[in-house]
Amino acid sequence: MLSIVITTQAGKNTVEYRIKPCYNAHTTRKGGLGMPISENKKASNARYTEKCDYINVRPLKAQGQKIRAAAAAAGQSLQGYILQAVEERMERDAQNGGTADE
């Protein structure tokens, strides 16, 4: 790991500072930091992204906090919790011959 040492003179005493950068600063790919992404990884990411749909949900903050808390209490990721809830609702609606809440 990279370590930066700074030595300063404070009167008669020498002070040495050892600075170790944050681990994430070297591994993150955002902002151009870290190692470059290989061409194979770029191709793999592109193949995965092509298979995915993008659905944006914007609840009010209070409702969003409740959803996050419920997902955490269930031990699931937010995305996993929401997708499971939607899947269960679609199954329930299919059994009832359509949407029950409309």
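Residues of region 69-90 that are at negative phi and not in a helix (DSSP H, G or I): Ala74, Gln76, Ser77. Kindly check whether there is at least one residue in region 39-48 that is in a loop (DSSP other than H, G, I, E, B) and modelled with pLDDT of 60 or more. No: region 39-48 contains no residue that is in a loop (DSSP other than H, G, I, E, B) and modelled with pLDDT of 60 or more. Across region 86-95, not a single residue is classified as surrounded by 10 or more Cβ atoms within 10 Å (Cβ to Cβ), modelled with pLDDT under 65 and among the charged types (D, E, K, R).
The values are calculated or read from the model by the stated rules, or taken from the named source; none is laboratory data. Quick caveat, the model's predicted, so the values are computed rather than measured. Glycine also receives a Cβ, built like all others from the backbone with ideal geometry; neighbour counts cover every protein chain displayed.
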